1. Can you tell me which condition residue 30 does not meet? The list is (1) open to solvent by 70 Å² or more (accessible area, probe 1.4 Å); (2) part of a helix (DSSP H, G or I), and all the others hold.
2. Of the residues 14, 22, which is at positive phi and surrounded by fewer than 10 Cβ atoms within 10 Å (Cβ to Cβ)?
3. Pairs, please: C-beta under 6 Å, at least 6 apart or cross-chain, first residue of a type in the set (Ser, Thr, Tyr) and in the range 39-58, second part of a helix (DSSP H, G or I) and open to solvent by less than 70 Å² (accessible area, probe 1.4 Å)?
4. Identify all residues within the range 41-69 that are surrounded by 12 or more Cβ atoms within 10 Å (Cβ to Cβ), more than 30 Å from residue 11 (Cβ to Cβ) and of a type outside the set (Lys, Arg); write none if there are none.
5. Within the range 22-35, is even one residue in contact (Cβ under 8 Å) with a residue 24 or more places away in the chain and of a type in the set (Ser, Thr, Tyr)?
6. So residue 25 passes all but one of these: (1) among the hydroxyl-bearing types (Ser, Thr, Tyr); (2) within 16 Å of residue 75 (Cα to Cα); (3) in a strand (DSSP E or B). Which condition number does it fail?
7. Report the residue count in the range 60-90 for those that are part of a loop (DSSP other than H, G, I, E, B) and modelled with pLDDT under 65.
8. Residue check, residue 48 against (1) small (Gly, Ala, Ser); (2) touching a helix residue (DSSP H, G or I) at 6+ places or on another chain (Cβ under 9 Å); (3) modelled with pLDDT of 85 or more, all met but one. Which one?
Amino acid sequence: ESEAMLKEIEAQHGLLTERARGIFSFSYLAFQEYFTARKIVASDNLRALEQALKGLVGHITDPHWREVFFINFYYVAKCRFSGAVDEAAN
């Protein structure tokens, strides 16, 4: 059932590609980088966010994680700036 759904996504949307029998990946690396970064910063739990960011730092010298770092920095900065704007407005 889940493999049929993956095949449908592959055929209709092009988001996923079957690399080998039953092994799917994103058709463009940018999708994987974006969704990885979003998963890291998506937690409302500060402890979980801290652990996710510590895990990310473990990849700091790995060039494969470069875009994930950039995307995370963007989201963290955006959240901090938006919080500062909200505080200044009050």
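1. (1)
2. Going through 14, 22 in turn, the sole match is 22.
3. Sorted first by the residue in the range 39-58, then by its partner, the pairs are 43/49.
4. Within the range 41-69, 41, 43, 48, 49, 51, 52, 53, 56, 59, 65, 69 qualify.
5. Within the range 22-35, one or more residues are in contact (Cβ under 8 Å) with a residue 24 or more places away in the chain and of a type in the set (Ser, Thr, Tyr).
6. Checking residue 25 against (1) among the hydroxyl-bearing types (Ser, Thr, Tyr); (2) within 16 Å of residue 75 (Cα to Cα); (3) in a strand (DSSP E or B), the one that fails is (2).
7. Number of matching residues: 1.
8. (2)
The values are calculated or read from the model by the stated rules, or taken from the named source; none is laboratory data. Since the structure is predicted, the reported quantities are computational estimates derived from the model, not experimental observations. Glycine gets a Cβ as well: all are built from the backbone with ideal geometry, and neighbour counts include every protein chain shown. Quick note on the areas: whole protein, heavy atoms, side chains included, nothing else; ligands and nucleic acids left out. Shrake-Rupley method; radii C 1.70, N 1.55, O 1.52, S 1.80 Å.
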